[in-house]
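This report refers to the structure that appears directly beneath it.
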């Protein structure tokens, strides 16, 4: 049957995360720091809005682009928090999570053979999504010494006449990296110079710490017209299961994405869209409360990792830390496997996020502090044992 | 409220080292601040939160509305303080609206609470009337939900 599968689909390797997930799944009493979603249930007032929507019998399709009221709420939220103005009726599209928005944006933009650049380590879907859109993925490695920021010179080195799109994700899954305004400005200049379209996945925008300012590349001069701003409610509002994302972009881009969205998806679920309106209009205190919790856990897990001898920079965003494990003499995968078997703690090997993740593991702190404490004790014990053997 | 205080409200026996790690502060700074909060009386003490229903099935809590005649000179304070001093009284609040004091009483049995009300509370001279409401079930206490969401069903590893 394999020969029946489309070649470009067949050639996509199995996800490293999926393999690892199956091993973890087969074991009992594992503390998992491998989870890429909030541990909080969706704030009650938002869940209640979804219930109310069902009670009122709102169970049908919506406009393909999404409920007009939700698009208004999105445009207003984006204007307030990111300082970018979008026309709600024509420049906003509600998608089924940011994942769908990335997929349809790539399919709308990429001709076969066009190159799509992205910084790596990165979210697992970027390279496969580019391949599925018949594009060529081009990874730009980022480094711990730069706090995993994307450097303009590294980006420019990889630009060819075929380069068309740059995919950005700050704050970054899996490194927690953020981009200060000046660094982002340099990237914007490269994009303008080489006429790149930017897909900016800002799903973790609300989760920045130490008062770090989140800047969207779309808000920089000359960038709005070449950027698809992508955001959603999954992370900041703990609404992963609602599957609500959105894209904001100039009308021709939204129109093109809409052509795919209307035939492939039709529309996002109406009760989830109703809940999203409540979240955007009244969710800020709940978001702030969760952000504060994440920040305390981030501080805790970073100092615990450094204390046990795993070098780990203090990330300013998302809910991941990305410690280096080279000092143990183990590869990322061996480290993760032996930690899992020996101590029943699950972390994700860095190469799951691209080859430049080798030497690192991703630990999510979207898990209760009690669990994190136990995980850190077990991990410290593991590292002690490994180094004794090495000595 | 400052983050340190919020953490202590959730877990007063958290180790000082853990608090320092979470707050990204030096241990000495955390110790100094806690001493300061204790001395200034912002922190009045540390207690265990006891689920009385688990400890003793027959235990009862009553919320008692009390109407009183305020006294010349003393207002409500003198009588309220007198009521609050009883060991059986777990809480005592001056309330706006249809009655004056809300008194929370805990006892080992219905009979014990009833006899407190009839013998101690109602017999105080300024007390005009009382209405006793017994707790049937607790849904939330001290900000903590005692009933609630189902156990988490997140995937063990996700991207």
### Message
Tally up the residues in segment A:1-25 that are in a loop (DSSP other than H, G, I, E, B) and more than 17 Å from residue A:333 (Cβ to Cβ), please.
### Response
5
### Query
Name the residues in segment B:16-36 that are closer than 15 Å to residue A:301 by Cβ and buried (at least 16 other Cβ atoms within 10 Å of the Cβ), would you?
B:18, B:19, B:20, B:21, B:22, B:23, B:24
### Message
Taking the conditions exactly as written (surrounded by 19 or more Cβ atoms within 10 Å (Cβ to Cβ) and within 25 Å of residue A:211 (Cβ to Cβ)), does residue A:272 satisfy them or not?
### Response
no
### Message
within 14 Å of chain B (Cβ to nearest Cβ) and at positive phi: is that true of residue A:29 in this structure?
### Response
yes
### Task
For segment B:138-159, state whether one or more residues are more than 14 Å from chain A (Cβ to nearest Cβ), surrounded by 15 or more Cβ atoms within 10 Å (Cβ to Cβ) and within 21 Å of the chain's Cα centre (by Cα).
no
### Task
Could you check residue B:47 against (1) in contact with a helix residue (DSSP H, G or I) (Cβ under 8 Å, 6 or more places away or on another chain); (2) more than 14 Å from chain A (Cβ to nearest Cβ); (3) exposed (fewer than 12 other Cβ atoms within 10 Å of the Cβ) and say which number it fails?
(1)
### Task
Give the residues of segment A:150-183 that are farther than 19 Å from residue A:298 by Cα and touching a helix residue (DSSP H, G or I) at 6+ places or on another chain (Cβ under 7 Å), sorted by residue number.
A:150, A:152, A:155, A:156, A:164, A:165, A:166, A:167, A:168
### Listing of strands (runs of 3 or more DSSP E) fully contained in segment A:79-174 that carry 1 or more residues being touching a strand residue (DSSP E or B) at 6+ places or on another chain (Cβ under 6 Å) and over 17 Å from residue A:226 (Cβ atoms)
A:92-95, A:115-120, A:136-141
### Query
Given the structure, is residue A:66 over 23 Å from the mean Cα position of the chain (by Cα), touching a residue at least 40 places away in the same chain (Cβ under 8 Å), closer than 18 Å to residue A:243 by Cβ and away from chain B (no Cβ under 14 Å)?
no
## Note on the structure
Scanning segment A:32-42 for residues that are more than 17 Å from the chain's Cα centre (by Cα) and surrounded by 20 or more Cβ atoms within 10 Å (Cβ to Cβ), the one farthest from the other protein chains (Cβ to nearest Cβ) turns out to be A:42
### Query
Can residue A:336 be described as within 14 Å of another protein chain (Cβ to nearest Cβ), closer than 23 Å to residue A:207 by Cα, surrounded by 21 or more Cβ atoms within 10 Å (Cβ to Cβ) and touching a residue at least 60 places away in the same chain (Cβ under 8 Å)?
no
### Restricting segment B:56-67 to residues that are modelled with pLDDT under 95 and surrounded by 13 or more Cβ atoms within 10 Å (Cβ to Cβ), the residue that is nearest to residue B:132 (Cα to Cα)
B:61
### Summary
For segment A:287-323, the count of residues that are within 11 Å of another protein chain (Cβ to nearest Cβ) and part of a loop (DSSP other than H, G, I, E, B) equals 1
#### Entry: Residues being within 14 Å of another protein chain (Cβ to nearest Cβ), surrounded by 11 or more Cβ atoms within 10 Å (Cβ to Cβ) and closer than 30 Å to residue B:108 by Cβ - total across segment B:1-15
3
## Note on the structure
Within segment A:366-379, restricting to residues that are in contact with a helix residue (DSSP H, G or I) (Cβ under 7 Å, 6 or more places away or on another chain) and away from chain B (no Cβ under 11 Å), the one that is surrounded by the fewest Cβ atoms within 10 Å (Cβ to Cβ) is A:378
### Query
Which residues, counting only those in segment B:108-117, are loosely packed, with under 14 Cβ neighbours inside 10 Å and touching a residue at least 40 places away in the same chain (Cβ under 8 Å)?
B:108, B:109, B:110
### Task
Can you confirm whether segment A:86-103 contains a residue that is exposed (fewer than 12 other Cβ atoms within 10 Å of the Cβ) and more than 14 Å from chain B (Cβ to nearest Cβ)?
no
### Task
Scan segment A:218-250 residue by residue and report those that are surrounded by 24 or more Cβ atoms within 10 Å (Cβ to Cβ) and farther than 26 Å from residue B:155 by Cβ.
A:218, A:227, A:228, A:229, A:248, A:249
### Task
Kindly provide the set of residues from segment A:341-352 that are more than 10 Å from every other protein chain (Cβ to nearest Cβ) and either surrounded by fewer than 22 Cβ atoms within 10 Å (Cβ to Cβ) or over 20 Å from residue B:22 (Cβ atoms) (or both), ordered by number.
A:341, A:342, A:343, A:344, A:349, A:350, A:351
### Query
Would a scan of segment A:257-268 turn up a residue that is in a loop (DSSP other than H, G, I, E, B) and crowded, with 19+ Cβ neighbours inside 10 Å?
yes
### Message
Being over 29 Å from residue A:239 (Cβ atoms) and surrounded by 22 or more Cβ atoms within 10 Å (Cβ to Cβ) is the requirement here; does residue A:122 meet it?
### Response
no
### Message
Here are the criteria: (1) within 19 Å of residue A:274 (Cα to Cα); (2) over 19 Å from the mean Cα position of the chain (by Cα); (3) in contact (Cβ under 8 Å) with a residue 24 or more places away in the chain; (4) within 14 Å of another protein chain (Cβ to nearest Cβ). Tell me which single one residue A:58 does not satisfy.
### Response
(4)
### Message
Quick check on segment A:125-177: of everything there that is in contact (Cβ under 8 Å) with a residue 60 or more places away in the chain, within 14 Å of chain B (Cβ to nearest Cβ) and over 17 Å from residue A:361 (Cα atoms), which residue is surrounded by the fewest Cβ atoms within 10 Å (Cβ to Cβ)?
### Response
A:128
### Task
Could you grab me the full set of residues in segment A:353-365 that are on the phi < 0 side of the Ramachandran plot and within 13 Å of another protein chain (Cβ to nearest Cβ)?
A:353, A:357, A:361, A:362, A:363, A:364, A:365
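The values are calculated or read from the model by the stated rules, or taken from the named source; none is laboratory data. Fair warning: this is a prediction, and the values are worked out from it, not measured in the lab. Ideal geometry is used to build each Cβ from the backbone, glycine not excepted, and the neighbour counts take in all protein chains shown.
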